[in-house]
Amino acid sequence: MADRRHEDDGILDVLVLGGGFGGLHSLYRLREDGHRVLVLEAAPDVGGAWYWNRYPGARCDVESLVYCYTFSPVIDAEWRWSERYAARDEIVRYLRWVSERLDLRKDIRFDSRLAKAHYDAADNLWNFETEGGDRYRARHFLSAAGPISAPIMPDIPGLDRFQGDIIHTARWPEAYPDFAGKRVGIIGTGSSGTQVIPIVAQQCEKLTVFLRTPNFYSPARNRPLTDADHQWWQQNRDLTRERLQQGRRWGGGDIMLDDEINDAMFEPASNFTTERRREIYEARYANGGGVVGWAFADAMVSVDANEEAGDFLREKVRDAIVDPAIADKLTPRGFAYGTKRVTVGTDFPETFNRDNVELVDVKTETLEGFNERGAIVAGREIALDYLIAASGFDALTGALTTIDVRGKDGRSLGEIWADGPQTYLGISVLGFPNMYMIGGPGSPSVLTNVVMTNEMQVEWIADLINHVEDNGYVRCEATAEAQNEWTEKVGALVRGNLWETAESWYVGANVPGKPRVILAYAGGYTAYKAECAEISAAGYPGYRFT
Ligand code: N01
């Protein structure tokens, strides 16, 4: 292990924000590289987004075998996933075990929510203050606060008057509510709503789902992993990881997919007959996961290819729901497949065949507001004991703009991103020296397997910090030219294709007043990794070191 620690003057080498996948790996790697590192975590335990999202049914839609660390042979050898898609509790157990196995916990301060991070230009140091009043100073600030970690409540009149319990899926109470005999309402049918609805429907007396926009949905087809699966994994682990690195698989249900079916995604849809395309969609659907519609290379470019994928999934909604009027309400229309996150679940449409589930389409029956007893919909009162808000997040930027983060001229990130985030590589921001982001805006993050992209960014940022320290620099800051060029590139990647028509949290459309710009780099993991590698190999052009 190297030793890069400065004299112990009470100043940390690196303060890492967040104890989820990115933060734990950062702590491990930077400590191995000989830095004095501390992680601040708001929760009482590790897990990050997975700690907080403990709603019933919470489960990853990336396959567990590839939604985990690859950097440690110890972890690889000793952990065994139990299901094809890991449930939230298993992921938290995994991260807790990793934090113990790699002896990380001694350098994590739990129950420490960061309130302020201010750069002091005179000392070239970051000053931090938690909500509890604890203060820290560090030479480098690495945010691993998570791309989807700042929950938002639905903006509906009278919600504050409602006397029942309101629960956001990302702030689920530790004491599980007893829904037996209760009337429950839920707002939101995104990834979270899609998972929680089938479970709560089985537990409560009556469930009312307030639907605004139906999403494209495919079944996860989750199942326990067998000995044969684990044997397959031992034999195919390296190949699978190589394929993921090269963008030949995604991990959203396709790691064991038949090669011929999978590889159609490298050709335009028009290379195949209508019959063959149908077979490919059916095979993908039977296999399950979020990649059903990404069957051909031009899914996000060709209106015809995109529409065909959409039609296929629309047909499946009609097949699953008995009442054609309900099926019609749940049929996604008016936006291109993929421009809103595709939802993945178990028995989601089928749940609307239950007698105790009512679907209220708030686009046709206006949700006028709430009173003490419940919701008012088109003049009708729907009495509720609980309201579940599966209403989403201020994604990618919210994690840092909801904290008072200020750079060298005293301006906050919230101010300088008022017209949309500007970054270099999604990692650095002009005016915020020695600050780095994992899963930040302008990086591939949520458009990829987040754990895989996190790992790549952790390694890259650690190399950059070592470069600063080993050369005796005190400041590392993105240049204006590099930031402008990168921001322009992130925008250009979606120009002229179907991404441009997106109306979702991918472009900030779910937060009132948030500028409509694509928040993530849509060029894919492989291209992003190559760009980052080129920059480090060339000695980090785009940064000014002093
Ligand atoms: O949030 P969302 P989420 N009136 O923003 C509705 C990841 N994730 O928590 O679409 C009525 O997607 C809103 O309606 P509309 C994943 O990346 C992963 O579900 O804006 N409705 C929408 O239906 C995911 O994409 C996993 O019309 C209102 C819903 O609330 C991301 O997190 C699991 C409303 C919000 O959906 C976010 O998912 C969970 C209003 N006033 C999450 N306001 C897995 O790995 C909001 N809505 C499986």
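A short reminder: the numbers here are calculations on the coordinates, not readings from a lab. None of these values were measured; they are calculated from a predicted model. So basically every Cβ, Gly included, is an ideal-geometry build from the backbone, and we count neighbours across all protein chains shown.
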Requested in this report: Quick one, can you get me the convex hull of the C-alpha atoms of segment 5-100 expressed as volume per residue in Å³?
Outcome: 98 Å³
Report summary line: Once both label points are put 7 Å beyond Cα along the C-beta direction, the Ala175-Gln203 separation in nm becomes 1.5 nm
Report summary line: Heads up, segment 459-498 by the C-alpha gyration tensor (a ≥ b ≥ c square roots of eigenvalues; a/c under 1.5 rounded, else a/b over b/c prolate, else oblate) looks oblate
Report summary line: For 74-81, 162-169, ranked highest to lowest by mean beta-carbon neighbours within 10 Å, the order is 162-169, 74-81
Report summary line: Averaged over all viewing directions, the convex hull of the alpha carbons in segment 44-166 casts a projected area in nm² of 11.4 nm²
Query raised in the report: By per-residue mean of other Cβ atoms within 10 Å, what is the highest-first order of 407-414, 391-398, 304-311?
Result: 391-398, 304-311, 407-414
Report summary line: Cβ-Cβ cut-off under 12 Å around Asn124, Lys and Arg +1, Asp and Glu -1: the net charge is +1
Requested in this report: Averaging sequence separations of C-alpha pairs under 8 Å and six or more residues apart, then dividing by the length of segment 285-393, give the relative contact order as a whole percent.
Outcome: 16 percent
Requested in this report: Given a cut-off of 21 Å, name the pairs among Lys340/Lys514; Lys489/Lys529; Lys182/Lys340 whose C-alpha atoms lie farther apart than that in the structure shown.
Outcome: Lys182/Lys340
Query raised in the report: Quick one: if the Förster radius is 56 Å, what FRET efficiency do Ala286 and Arg475 give, using the C-beta to C-beta distance and rounding to 0.05?
Result: 0.55
Query raised in the report: Over the C-alpha atoms of segment 293-369, what are the Rg and the largest Cα-to-Cα span, Dmax, in Å?
Result: 14.2, 44
Query raised in the report: So between Glu260 and Gln234, what do we pick up on full extension, going 0.36 nm a residue minus the alpha carbon distance?
Result: 7.1 nm
Query raised in the report: Measuring from label point to label point, each 7 Å out along Cα→Cβ, what is the Asp45 to Glu381 span in nm?
Result: 4.1 nm
Query raised in the report: What per residue convex hull volume, in Å³, comes out for the chain when only alpha-carbon positions are used?
Result: 152 Å³
Report summary line: 1/(1 + (r/R0)^6) with r = Cβ-Cβ of Met153 and Glu279, R0 = 56 Å, i.e. FRET efficiency to nearest 0.05, evaluates to 0.80
Query raised in the report: Normalised by the residues of the chain, what does the relative contact order come to in percent, with Cα pairs under 8 Å and at least six apart?
Result: 19 percent
Report summary line: FRET efficiency for Asp8 and Asp409 from the Cβ-Cβ distance with R0 = 30 Å, rounded to 0.05, comes out at 0.45
Report summary line: His467 and Asp111 label points (each 7 Å along its Cα→Cβ direction) are spaced in nm at 4.1 nm
Query - Euclidean distance between Cα centres, segment 197-268 to segment 350-378, Å - result: 31 Å
